[in-house]
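Some notes on the structure that comes next.
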Amino acid sequence: MERYVWQHMRREEIAEMRDHGAVVILPVGSIEQHGRHLPVDVDIFMAETVALSAAQALLSEIPVLVAPSLWTGVSPHHMHFTGTLTLSVDTFSQVISEIVTCMWQHGFRHIILLNGHGGNDNTMKSTTLKLGAEGIEVAATTYWDLAAAELAELVEGERKKVGHACEIETSMMLYLRQELVDMSTAVKDLRIPPTRMPTGGPVYFWPVFDPGTTGVSGDPTLATAEKGKAFLDVITKNLVEFIRTYHKAQIP
């Protein structure tokens, strides 16, 4: 049994990890449609996988605890497609706040919100601001942002970053859970929601996936398991490097 998985441990073991200055990672994701070719749990599965990979890599160096995943997030823009489960912005923020407050109350001072769903990003960041104003300091990141430059070099297609059900996500799923991927239904779609307005530049619009869209943003047809391993390796490497730095930080 992994001795870095919160829910697999006894209370005394968790307290011992705290006393050794453990870094806690809370994977955050979503359950939402990912085109026709991927399962609906991609975002939370990948956030959890990256967290576990980093914890394992640091096993003999830094104590890392991976908390139970927050499997649902802010996904109302995917609700046109069956299978999506979402929280409201306010509920999502409140759930994160209450989980983190419990960890802080138990004495953990190095807490990372590790996100796997782009739709959570703004709410997660605003929640860290709210927690900070209350004296609870946490770190928050979306896993692919830590490795953006290296991912861009590895991507073959025109879209050089994570989109949705894209080359990167599909490749990692082919590497990790190929049996759940149906590449015969994968389609290229480089449009970025929203479809009603021009995108790009400094203006932000609600990124709704309308019923007439594919539910994809990117080119999953270029995905391979080999790329998936390479993507996962660079993401894990960058998360490990961040944890090393963050572990040294003095959090009051």
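The values are calculated or read from the model by the stated rules, or taken from the named source; none is laboratory data. Keep in mind that what you see is a predicted model, and the values were worked out from it rather than measured. Cβ: placed from backbone, ideal geometry, glycine included. Neighbour counts: every protein chain shown. What goes into the accessible areas is simple: the full protein's heavy atoms, side chains included, and nothing from ligands, DNA or RNA. Shrake-Rupley method; radii C 1.70, N 1.55, O 1.52, S 1.80 Å.
Scaled to the compact-protein estimate 2.2 N^0.38 Å, what is the alpha-carbon radius of gyration of the range 183-252, rounded to two decimal places?
Relative to the 2.2 N^0.38 Å estimate, the range 183-252 comes out at 1.65.
Considering the values (i) 45; (ii) 36; (iii) 27, which represents percent of Cα pairs over 27 Å apart as calculated for the structure under consideration?
(ii)
When the accessible area of the range 106-208 is computed with all protein chains present and a 1.4 Å probe, what percentage of it is carbon and sulfur?
55
What are the lysines whose alpha-carbon lies under 22 Å from the alpha-carbon of Lys227, with same-chain residues fewer than 8 places away excluded?
Lys160, Lys161, Lys188, Lys237
When the chain is fully extended, how far beyond the present Cα-Cα distance does Lys130 get from Arg244, taking 0.36 nm per residue of separation?
Value of the extension gain: 38.5 nm.
Ignoring everything except DSSP H segments at least 4 long, calculate the 222 nm mean residue ellipticity for the chain; use -39,500 (n - 2.57) per segment, divide by total residues, nearest 500.
-12500 deg cm²/dmol
Given the Cα-Cα distance of Ala57 and Lys229 and 0.36 nm per residue of separation, how much length would full extension add, in nm?
Fully extending the segment from Ala57 to Lys229 adds 60.4 nm.
In nm, give the distance between the simple-model label positions of Asn122 and Met79, each being 7 Å from the Cα along the Cα-to-Cβ direction.
My value for the distance between the label points is 1.6 nm.
Could you give the alpha-carbon Rg of the range 1-125 over 2.2 N^0.38 Å, rounded to two decimals?
1.11
Let me know the whole percent of all Cα-Cα pairs from the range 87-145 that are separated by more than 17 Å.
32
With the crude spin-label approximation of a point 7 Å out along Cα→Cβ, what separation in nm comes out for Glu153 versus Glu12?
Between Glu153 and Glu12, the simple spin-label model gives 4.8 nm.
Using amide H atoms built 1.01 Å from N in the peptide plane, name the residues 5+ places from His110, or on other chains, whose amide H lies under 5 Å from its own.
So His110 has HN proximity to Val24.
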